[in-house]
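Following: one structure in structure tokens, then a few remarks.
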Amino acid sequence: VKVIELVGESDHSWEDAVQVAVREAARTLRGITGVEVMNWTGQVNPDGDIIGYRADVQVAFKVEQ
């Protein structure tokens, strides 16, 4: 099993940010077995509303031999 680190970003939610990262990984990797969220961050506007979501993740996948 190998692990790579990725960042997903979304305007909608942290869960969506994770999904963005996993979908991006799935474009070039096969055999994805799991994802671990390492950090959640958000961008906030002057009114205090969250306007951007970011998830730092590790994606695990099997290496084909």
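Per residue of segment 31-40, what does 6.51 cos²θ - 1.76 cosθ + 1.60 with θ = phi - 60° give for ³J(HN,Hα)? Whole Hz please, x for Gly and Pro, Karplus curve as stated.
With the stated coefficients, segment 31-40 comes to x, 5, 10, x, 9, 10, 7, 8, 7, 10 Hz.
Take the Cβ-Cβ distance between Val37 and Lys62 as r, set R0 to 25 Å, and report the resulting FRET efficiency rounded to the nearest 0.05.
0.75
Could you pull out every residue, at least 5 positions away or on a different chain, whose amide H is within less than 5 Å of the one on Gly52? Hs are placed 1.01 Å off N in the peptide plane, and Pro or chain starts have none.
The list, which skips near neighbours in sequence, is Gln43.
Mind computing the radius of gyration and Dmax over the alpha-carbon atoms of the chain? Å is fine for both.
13.4, 53
Per DSSP H run of n ≥ 4, the term is -39500 (n - 2.57); total these for the chain, divide by its residue number, and report the mean residue ellipticity at 222 nm rounded to 500 deg cm²/dmol.
The per-residue figure over the chain is -7500 deg cm²/dmol.
Each value in this text was obtained by applying a stated rule to the coordinates, not by laboratory testing. It should be emphasised that the depicted structure is a prediction, and the values quoted were computed from it without experimental measurement. All Cβ positions, glycine included, derive from the backbone under ideal geometry; neighbour counts span all protein chains shown.
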